[in-house]
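Bear in mind that the values in this text are calculations on the coordinates, not laboratory data. Quick caveat, the model's predicted, so the values are computed rather than measured. Every residue, glycine as well, gets a Cβ built from its backbone with ideal geometry; the counts of neighbours run over all protein chains shown.
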Amino acid sequence: MRRKDREIIPVEEKLEIIEKNKVCRIALSQNNLPYIVPLNYGYSFEESVLTLYFHGSAEGKKMDIIKENNNACFEIDCDSKLIEGGAPCSYSYSFKSIIGFGKIVMLNLEAEKINGLNKIMKHQTGKDAAYNFDENMLKKTAVYKIVVEEFTGKQHA
């Protein structure tokens, strides 16, 4: 990271950003072309490993790309606010953000899908409950995770 003075080092502060937000942007690549998609997510942080959970249609461009190349980059940000300056080039923005890398893993077993969907529901609703999912819906829905290999935090107050 070029601006070490803006780096967020404590993992607890990085997890606060992940907890605070509801949308994660994942970046994929197909034939050397980037593809970015915003997604709702859930997460776990166990034994120092961050895992992000997502769901969606089992068909479409995103799934086609993941089948070819499961490498992903992700970004989560918050607290964006304009910092006015005296001249156009002296304006800036305050923010907090997380950027990381990992591999996307498809969850195929029903128990894995339910676990992933429960993580998403817990994060999105704030309710730690065991949800019931329709069996037909589970078959049609893709549930996947990014097992995060590294992630960094950055802020500008």
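Some points to look at:
- Shape call, the range 89-140: gyration tensor on alpha carbons, a/c limit 1.5: prolate
- Ranked packing of 31-39, 95-103, most packed first, by mean Cβ within 10 Å: 95-103, 31-39
- With the cut-off at under 18 Å, measuring from each backbone N in the range 45-70 to a point 7 Å along the Cα-to-Cβ line of ASN32 picks out 69.
- Among 140-152, 8-20, the peptide with the highest mean count of other Cβ atoms within 10 Å heads the list, and the full ranking is 140-152, 8-20.
- Placing R0 at 25 angstrom, the Cβ-Cβ distance between LEU109 and SER57 gives a FRET efficiency of 0.85 after rounding to 0.05.
- Put a dot 7 Å past the Cα of ASN69, heading toward its Cβ, do the same for ALA87, and the two dots end up 4.1 nm apart.
- The length gained by stretching the chain between LYS140 and GLU13 to full extension, at 0.36 nm per residue less their Cα-Cα distance, is 42.1 nm.
- Dipole orientation for the chain: of the candidates THR141, ALA111, LEU50, THR141 has the Cα lying most toward the positive pole (charges on Cβ; Lys, Arg +1; Asp, Glu -1).
- Shape of the range 1-46, Cα gyration tensor, a/c cut at 1.5: oblate
- GluC sites (Glu not before Pro) restricted to DSSP loop in the range 48-120 with at most 12 other C-beta within 10 Å: GLU59, GLU84
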